[in-house]
Structures are given as structure tokens and as C-alpha cells.
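One structure is given below, encoded as C-alpha cells.
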Amino acid sequence: MGDVNQKTHLRIQLSATRRGARLARLLTERQLDEWGVPFEEAAQVVAELAANAVLHGRVTGRDFRLGLALHDDGTLRIEVTDARGDRIPRTPDPADGASESGRGLLIVAACAHRWGVDEAPANAKTVWAELTPGRAGA
């Protein structure tokens, strides 16, 4: 996550359960509120990425990790690392309106300036998104 002031950095490991995903969203709201930053878009992005980590990135006995970093220019970087590096998220084909999955990534793409996936140690992956809170998709 680069060189970031400790006051504007959070990293926490959570259980790969629905409860862990809900907790990720709540912790994001609380942390960004403490930093004095609007949290609505960021909380939605975290909710989607954490839900994906729990639904598609879960390996029994392994948790997922949430990282938040607020940079000096106001950019917030959200990182969610899960245990399934072999399952890379993709946005659905817009022509497939009947698709039952992948819509969460459309929300992430709408809120974030950019997002992507990086390999992580131990066959894991990190899905990240960058946005400026209060300026959705700017």
C-alpha cells in the first residue's frame, strides 16, 4: 500500500463469513468517519469486495484481509485479499442481462476511478479499488 501515514491506514484480518463481510463494511464506515471522510461509496465498494471474498474467495480455515489507505491527495485505496488466487473476478458481459453474478463489480467500477486484481502470497489475490470519497467515479 505504499508509504502512508499511520493515521490514515487500516489493515485487519476478518473471518471469511457473511458476518466478516458485514463487519468489513461497518469498520470501513467507522474508520472513514473517524478520518472525517465521506464513506458511502467506499462502504459500498468494501461491501461488494468483501462479499466476493466470502462467496468466491473462501478457503476453509483461511480469513480475508481488508486494507484501507487514505493518501494525501484524498484518494482512498481499498484492498481485499482472499485465499483464492485462482479465481479472478471479471465484470459481466453487458449483453448477458440475465447473469446472476458479477453485478457487484459493476458497482465497484461505477464508484472507483480504477480497480484491479494483484497476485498475493500463498496463492491468494488482492482485489483493489481507488476512489476519492465524495466524488463517485470521478
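The values are calculated or read from the model by the stated rules, or taken from the named source; none is laboratory data. On a predicted model such as this, the values are computed, not experimentally measured, just so you know. Reconstructed Cβ throughout: ideal geometry from the backbone, glycine too, with neighbour counts over all protein chains shown. Ligands, DNA and RNA are stripped out before the accessible areas are found, and what is left, the full protein with its side chains, is counted by its heavy atoms. Shrake-Rupley method; radii C 1.70, N 1.55, O 1.52, S 1.80 Å.
In the list 76, 49, which residue meets the criterion of being touching a Pro at 6+ places or on another chain (Cβ under 6 Å) and touching a residue at least 24 places away in the same chain (Cβ under 8 Å)?
Values: 49 fails: touching a Pro at 6+ places or on another chain (Cβ under 6 Å).
Checking each option against the conditions leaves just 76.
Return the residues of the stretch 90-120 that are assigned to a loop (DSSP other than H, G, I, E, B), farther than 15 Å from residue 77 by Cα and either at pLDDT 90 or above or in contact with a strand residue (DSSP E or B) (Cβ under 6 Å, 6 or more places away or on another chain) (or both); say none if nothing qualifies. Lay out the reasoning, then the answer.
Step one: list which residues in the stretch 90-120 are assigned to a loop (DSSP other than H, G, I, E, B), which gives 90-102, 112-113.
After this cut, where a residue has to be farther than 15 Å from residue 77 by Cα as well, the list is 90-102.
None; the set is empty.
For the stretch 65-86, give me each residue that is in a loop (DSSP other than H, G, I, E, B), of a type in the set (D, E, K, R) and buried (at least 20 other Cβ atoms within 10 Å of the Cβ). Give the derivation first.
Residues of the stretch 65-86 in a loop (DSSP other than H, G, I, E, B): 71-75, 83-86.
Within this subset, residues satisfying the condition of being of a type in the set (D, E, K, R) are 72-73, 84, 86.
Listed by number, the list is empty, since nothing qualifies.
In the set 47, 42, 83, which member is within 26 Å of residue 122 (Cα to Cα) and at pLDDT 95 or above? Even if it seems obvious, please write down each step before you answer.
Numbers: 42 fails: within 26 Å of residue 122 (Cα to Cα); 83 fails: at pLDDT 95 or above.
Testing whether each residue is within 26 Å of residue 122 (Cα to Cα) and at pLDDT 95 or above leaves just 47.
Within the stretch 121-138, how many residues are open to solvent by 20 Å² or more (accessible area, probe 1.4 Å) and at pLDDT 95 or above?
2
Can you tell me how many residues in the stretch 33-53 are of a type in the set (A, V, I, L, M), within 14 Å of the chain's Cα centre (by Cα) and open to solvent by 20 Å² or more (accessible area, probe 1.4 Å)? If you could, list the steps in order and put the result at the bottom.
Step one: list which residues in the stretch 33-53 are of a type in the set (A, V, I, L, M), which gives 37, 42-43, 45-47, 49-51, 53.
Filter once more, so that each one left must be within 14 Å of the chain's Cα centre (by Cα): 42-43, 45-47, 49-51, 53.
Imposing the further condition that a residue be open to solvent by 20 Å² or more (accessible area, probe 1.4 Å) reduces the set to 47, 51.
Residues flagged as of a type in the set (A, V, I, L, M), within 14 Å of the chain's Cα centre (by Cα) and open to solvent by 20 Å² or more (accessible area, probe 1.4 Å) within the stretch 33-53 amount to 2.
Which count do you get for residues in the stretch 1-23 that are in a loop (DSSP other than H, G, I, E, B) and either within 21 Å of residue 47 (Cβ to Cβ) or at pLDDT 95 or above (or both)? Step through it out loud before you land on a result.
Taking the stretch 1-23 first, the residues in a loop (DSSP other than H, G, I, E, B) are 1-5, 15-17.
Right, trim to either within 21 Å of residue 47 (Cβ to Cβ) or at pLDDT 95 or above (or both) and you get 1, 15-17.
So the count comes out to 4.
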